[in-house]
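Undergrad: Would you mind keeping the following structure in view while I ask a few things?
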Amino acid sequence: MNDPVAAKRPAGSGDPGAARGVAAAPTAPEAPIPPTPEAPVATKTPHVRPGDRIFRGLATGSGVFIVALIGAIGLFLIIQAIPSLGLNNVNFLTSREWNTTDPANLRFGILDLLLVTIVISVVALLIAMPIALGIALFLTQYAPRNLARPFAYVIDLLAAVPSIVFGLWGLFVLGPVLFPFSEWLIENLGWIPIFAKGNVNVQLGGTIFTAGIVVAVMILPIITAVTREVFERTPTMHIEGAIALGATKWEVVRTTVLPFGKAGYVSASMLGLGRALGETIAVMIILSTTSAAFGWSLFDGGATFASKIALAAPEFNDPRSAGAYIAAGLVLFVLTFVVNAIARSIVAGHKEYE
Amino acid sequence: MAKRLDIKDLNLFYGKFHAVENVSLAVPPKNVTAFIGPSGCGKSTVLRSLNRMHEVAPGARVEGKVLLDGEDIYASTVDPVEVRRTIGMVFQRPNPFPTMSIRDNVVAGLKLAGMKNKRELDEVAERSLRGANLWNEVKDRLDRPGGGLSGGQQQRLCIARAIAVQPDVLLMDEPCSALDPISTLAIEDLITELKKEYTIVIVTHNMQQAARVSDQTAFFNLLGVGQPGQLIEVDDTEKIFSNPGQKATEDYISGRFG
């Protein structure tokens, strides 16, 4: 019973004059008799130091600010989108049509944008996830220490390459390089819908396939960096426990590092997915636009939410047309939110590890 | 089963730091040998060199021989992974695998060794848990995670995990230092039981514990900071605690330092 009282006293209140930090510790031992001396002071509010108050205000303010900011962005999107949605002559969610040139006859639906965005992101994720896992395991478990650090820097550096550079690289280097491979896939595996001949010229390389690979490279650093950090924190005592049982390197990884880092790896991947969904410039440069509908092939062209909006940005002269794009942006905003919420719930579901 | 260990002219290094110097010591089978000594004297390091855990640390190096029934575990043809499968270890802090169930924790070593038969594994799990005096407490919740047990139970789970593979030698690195007195007593009783079947080496900071559980005691000391740790003397526990041969041992045991 003594302990909680003693612990509470220096922090809670007490003689405002004496409580200048130094006095707190020496008074603690006499805790059992607090009621009498404290009674007269109880009418005054506990003394709070100005530094505490300022710091608390700043921290709370920052927290409130970010929530308000997100709310304001959402609100802006909704307010701007609603009038155009009202004027829309086709179903916003299920139509593949996108025609906003005549503000008096708006016809816009996001189905194709949504599908292309998701397919590019999923392709990117499927490529980046295993590679990132491999790199993170290599850096934390296999690489000699003096190599691991510079190697990690190089990976981080990849994140610093501007996305326009990735776009140019994808368009001028990767696209042509991929052409023979793409052609081979279309010819030999074309009966599988995702490898079917697409709706754009595959020779130019402006396909979902190319864009997916480029976005994979772009999200690789973030996934790798976060995963590496998590793997590094695997408790030594569990690693040693596995080694002492006669586990080989891979068995140590499988029994301790992977179970420990799983949640972190998944949320790192979701962070990457969030980036992939919103990637704009690189995708805009690479992806060939087309008026044909998305046909579930990797060799289709098209547009994602972000690239569609960016391409049309110079023509936002009529608020009704612009509203259509803002509505698309709203969907992207919600989509990223959902992805992050899923990531959070996955991480929360793995809390049982200690 | 229950082999003897002979340590010959063992020198241990962490990079350039000479951690332990010239240790020679015989550990008889079915016997408990306790390592005692002040912090930093290298007793845990010596223990970790007995199942080749020492070399896991970056830059760690071993010179000398450790013979398991006459076979040098540091011979170039020996795979350290195999050594660790025959020389079990229990650590200072209980470290069951948190994502595994109690049963899976116990049989983890066997699964690593390739045993797949579920009935056999269940049998071993029960035998090992009984051997670790834990069966009655956990038999109804073998599928629950091992992390849900109390500290003392977790440590006995780790002992069950270590004996499940029927090791030749069982090493214990201060197995009770994170436990309360009642759990400590349970582990000490268990050690006395296990001695009938296993060769045991235990590092302890608790001299009463060494006196209670061990047959043979080795006292380690270091002459100064930065100097390598040394084995001062090794003898029957009774003799070490009643009539040690060295002044340093007597000083340490009577509480004059350390």
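Each value in this text was obtained by applying a stated rule to the coordinates, not by laboratory testing. Here the structure is a predicted model, which means the values were calculated and not measured. Neighbour counts run over all protein chains shown; Cβ positions are idealised from the backbone, glycine included.
Undergrad: When only DSSP loop residues count, what trypsin sites (Lys or Arg not before Pro) in segment B:64-136 have their Cβ near at most 14 other Cβ atoms within 10 Å?
TA: Answer by residue number: B:K116.
Undergrad: Sticking with this one: Would you mind calculating the gained length between A:T336 and A:W184 on full extension (0.36 nm times residue separation, minus the Cα-Cα distance), in nm to one decimal?
TA: 51.2 nm
Undergrad: Can you tell me the orientation of helix B:118-131 relative to chain B, as the angle in degrees between its alpha-carbon axis and the longest Cα principal axis, to the nearest 10?
TA: For B:118-131 against chain B, the angle is about 50 degrees.
Undergrad: Identify which of A:L115, A:L58, A:L258 has the largest mean-square fluctuation in a Gaussian network model of chain A, with springs joining Cα atoms closer than 10 Å.
TA: A:L58
Undergrad: Using a Förster radius of 22 Å, what is the FRET efficiency between A:I70 and A:F316 based on their Cβ-Cβ separation? Nearest 0.05, please.
TA: That pair, A:I70 with A:F316, gives E of 0.40.
Undergrad: Quick check on segment B:5-253: take the gyration tensor over C-alpha atoms, sort the square-rooted eigenvalues as a ≥ b ≥ c, and tell me if it's rounded (a/c under 1.5), prolate or oblate.
TA: Note, shape of segment B:5-253 comes out prolate.
Undergrad: Further question on the same structure: Name the shape class, rounded, prolate or oblate, that the alpha-carbon gyration tensor gives for chain A, where a ≥ b ≥ c are the square roots of its eigenvalues, rounded holds for a/c under 1.5, and otherwise prolate holds if a/b is larger than b/c and oblate otherwise. Write out the running numbers ahead of the final one.
TA: Details: a/c = 3.18, a/b = 1.57, b/c = 2.03.
Since a/c reaches 1.5 but b/c is at least a/b, the shape of chain A is classed as oblate.
Undergrad: Mind giving me the FRET efficiency for B:D79 and A:D52? R0 is 51 Å, r the Cβ-Cβ distance, nearest 0.05 is fine. Working shown, then result.
TA: On the way: r = 60 Å, r/R0 = 1.17.
Result of the calculation: an efficiency of 0.30.
Undergrad: Hey, if you put +1 on the Cβ of every Lys and Arg and -1 on every Asp and Glu Cβ in segment A:233-354, which of A:I326, A:L277, A:A293 ends up farthest toward the positive end of that dipole?
TA: Positive-end residue among those listed: A:L277.
Undergrad: Between A:R149 and B:N22, what's the calculated FRET efficiency when r is the beta-carbon distance and R0 is 30 Å? Round to 0.05.
TA: Calculated transfer efficiency: 0.25.
Undergrad: Also: Looking at the square roots a ≥ b ≥ c of the eigenvalues of the Cα gyration tensor of segment A:74-184, which shape do they give, rounded for a/c under 1.5, prolate if a/b is larger than b/c, or oblate?
TA: On the way: a/c = 2.95, a/b = 2.16, b/c = 1.37.
Taking the square roots of the gyration eigenvalues as a ≥ b ≥ c, segment A:74-184 is prolate.
Undergrad: Find, among the trypsin sites (Lys or Arg not before Pro) in segment B:194-258, those assigned to loop by DSSP (not H, G, I, E, B) with at most 14 other beta-carbon atoms within 10 angstrom. Could you put the intermediate results ahead of the total?
TA: Numbers: sites: B:K195, B:K196, B:R212, B:K239, B:K247, B:R256; in loops: B:K195, B:K196, B:R256.
Qualifying residues, ordered by number: B:K196, B:R256.
Undergrad: Could you work out which residue, out of B:T192, B:T86, B:T77, moves most in a Gaussian network model of chain B, that is, has the largest mean-square fluctuation with Cα springs under 10 Å?
TA: Looking only at B:T192, B:T86, B:T77, the largest GNM fluctuation is found for B:T77.
Undergrad: In degrees from 0 to 90, rounded to the nearest 10, what is the angle of the helix A:258-278 Cα long axis to the longest principal axis of chain A?
TA: So the helix axis and the longest Cα principal axis differ by about 50 degrees.
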